Each structure stands twice: as C-alpha cells, then as structure tokens.
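The values are calculated or read from the model by the stated rules, or taken from the named source; none is laboratory data. Predicted model, so just to flag it, every value in this text is computed and none were measured. We place every Cβ from the backbone using ideal geometry, glycine too, and count neighbours over all the protein chains shown.
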Amino acid sequence: MVVDMFYQQNMDNALRFGDVLKGYILAASNIEEPNLSKSYKIDINLPPYCVVLSPCCSIGEKIISLSPLIDLRGSFFDNPYLEEDITRINREMEPQQSVSPKIWEKFPPEEKQKRLDVGYAYAFVELFVYEKNDLFSRYTIHRRNGNIETNYYMIDFRNSYKLSCEKIKTPEDAPLESKYLQLSIQARSDLRAKIADYYLRVPKEDMILED
C-alpha cells in the first residue's frame with residue numbers, strides 16, 4: 001500500500017474518519033434567542049468539499065457528521081514557524097512557536113511565563129489544516145506585505161453538522177463515489193488526537209472542584 005505523508009494513495013472502499021467528500025448539503029438553524037424567538041432562519045451550505053468527523057465505527061445508520069473545508073487565515077503567515085509548514089497547526093508546539101516573534105516579544109513577562117508553564121501544547125485548538133492537493137482549487141489570501149496563493153484548506157471543529165443520508169448504512173455500504181481523498185494513518189491519527197484534545201479541555205471551575 002502506497003502512502004504519502006498526508007493522503008493515502010489507495011483508498012479503502014469505505015468511508016473513514018477524516019475523509020474528504022464532495023456533494024453534501026449542510027444546514028444549520030440560526031435564531032435570535034432560544035425558545036422565545038419568533039425570528040429564525042436555516043442556513044444552507046453546499047461546500048465544494050467537506051470532511052468526515054464521525055469516528056470510523058460510528059458511520060452508518062443513515063447518520064454522519066461533516067465539517068466543510070474552509071480557507072486559511074492570513075494571520076497564520078505572520079508566524080515564520082507556521083509559514084514554513086502550515087500543517088504544524090495540527091500538532092503540539094512550544095509556546096513561543098504559536099505566535100509570531102513580534103507578538104511574543106510584546107507579551108509581558110507574566111504572560112510569557114504563564115504560557116511557558118503550559119509547555120508543549122496545541123495552538124488554534126479548534127482548527128486542523130488539510131495539506132494542499134491538486135483536487136483543491138487555489139485561492140488568494142490578501143495580505144499587506146504580499147498576497148499568497150494557496151490550495152491548503154482547514155476545518156473548524158466548531159463547524160460540525162449532523163447529516164441524515166438514506167444511503168449511508170455502514171462505512172462500506174455508502175455512496176463511495178462521493179469520496180475523493182483519504183488521510184494517511186499518521187494524518188488521521190493527528191486529527192484524532194487534536195479533536196480529542198479539543199473536547200477533553202477542562203474548564204478552570206471544574207479543575208477547582210476536581211482538586
């Protein structure tokens with residue numbers, strides 16, 4: 001089986017966690033306030049590509065969770081560490097690597113120490129970057145010191161949609177023609193680790209109670 005660093009060349013005949021799919025409609029309700037609101041709307045989105053967020057063993061019974069691939073933020077490229085390899089966002093890093101040197105120098109000593117005490121950790125905890133691929137269209141990121149053309153994309157864990165689809169019965173018995181890319185084992189492991197960390201974060205008030 002031939003595998004590159006991010007995508008698997010020979011895809012499985014099944015839907016997998018992290019797969020890139022095409023052709024799915026995503027919808028979300030938009031309200032002014034819960035229960036009492038008389039004003040609401042349904043936002044319909046047909047993204048060019050979306051990503052499977054359901055664990056492999058939970059794909060089926062006509063239900064799947066998806067997240068659309070979205071453009072990168074231009075601010076990422078203000079950080080030389082990320083500019084060198086934007087997929088570093090997907091992995092833990094040193095505190096001073098998570099921001100540009102200019103921003104790090106502006107932090108007061110107590111803020112620097114606070115971050116150093118946390119140590120090796122994820123930055124942009126809700127984001128995961130997908131490696132560039134010829135399948136993806138290129139787009140321009142407009143910046144003051146020069147525009148960047150790229151076909152890297154990312155997902156935001158907060159943009160998670162439940163989709164009901166009659167043809168998704170099991171990972172194997174599903175519309176596999178909608179599958180375009182499959183992550184390598186390592187990339188899928190990175191995605192699994194980061195989304196797990198996203199959901200496992202403990203709020204300060206719970207930490208106090210647990211102590």
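The set of residues from the stretch 55-82 being within 18 Å of the chain's Cα centre (by Cα) and not hydrophobic (A, V, I, L, M, F, W, C) comprises PRO55, SER65, SER67, PRO68, ASP71, ARG73, GLY74, SER75. Filtering the stretch 31-58 to residues that are touching a strand residue (DSSP E or B) at 6+ places or on another chain (Cβ under 7 Å), closer than 20 Å to SER189 by Cβ and either among the small types (Gly, Ala, Ser) or not in a strand (DSSP E or B) (or both) leaves LEU53, SER54. Would it be correct to say that LYS22 is of a type outside the set (A, V, I, L, M), surrounded by 13 or more Cβ atoms within 10 Å (Cβ to Cβ), more than 30 Å from GLU105 (Cα to Cα) and at pLDDT 95 or above? Spelling it out, LYS22 is indeed of a type outside the set (A, V, I, L, M), surrounded by 13 or more Cβ atoms within 10 Å (Cβ to Cβ), more than 30 Å from GLU105 (Cα to Cα) and at pLDDT 95 or above.
Of all residues in the stretch 70-80, those satisfying the criterion of being crowded, with 17+ Cβ neighbours inside 10 Å and in contact with a strand residue (DSSP E or B) (Cβ under 7 Å, 6 or more places away or on another chain) are LEU72, PHE77. Within the stretch 169-195, being within 14 Å of LYS22 (Cα to Cα) and assigned to a loop (DSSP other than H, G, I, E, B) holds for ALA174, PRO175, GLN182. All of ILE86, ILE31 fail the test of being more than 30 Å from ALA174 (Cβ to Cβ), hydrophobic (A, V, I, L, M, F, W, C) and within 20 Å of the chain's Cα centre (by Cα), apart from ILE86.
If you go through the stretch 15-57 and keep only what is of a type in the set (Gly, Ala, Ser) and touching a helix residue (DSSP H, G or I) at 6+ places or on another chain (Cβ under 8 Å), you end up with GLY18, GLY23. Quick one: how many residues across the stretch 59-105 are at pLDDT 95 or above, basic (Lys, Arg) and part of a helix (DSSP H, G or I)? Matching residues across the stretch 59-105 total 1. Residues in the stretch 30-56 that are touching an Asp or Glu at 6+ places or on another chain (Cβ under 8 Å), more than 18 Å from TYR7 (Cα to Cα) and in contact (Cβ under 8 Å) with a residue 12 or more places away in the chain: ASN30 only. From the list TYR120, TYR7, the one residue that fits, being modelled with pLDDT of 95 or more and aromatic (Phe, Trp, Tyr), is TYR7.
In the stretch 148-175, the residues that are at negative phi and surrounded by fewer than 15 Cβ atoms within 10 Å (Cβ to Cβ) form Cβ pairs under 6 Å with partners that are assigned to a loop (DSSP other than H, G, I, E, B) and of a type in the set (Gly, Ala, Ser), at six or more places apart or across chains, as follows: GLU172/ALA14.
May I ask you to list the residues in the stretch 112-147 that are more than 12 Å from the chain's Cα centre (by Cα), closer than 15 Å to GLU83 by Cα and surrounded by 16 or more Cβ atoms within 10 Å (Cβ to Cβ)? Scanning the stretch 112-147 gives ALA123, ILE141.
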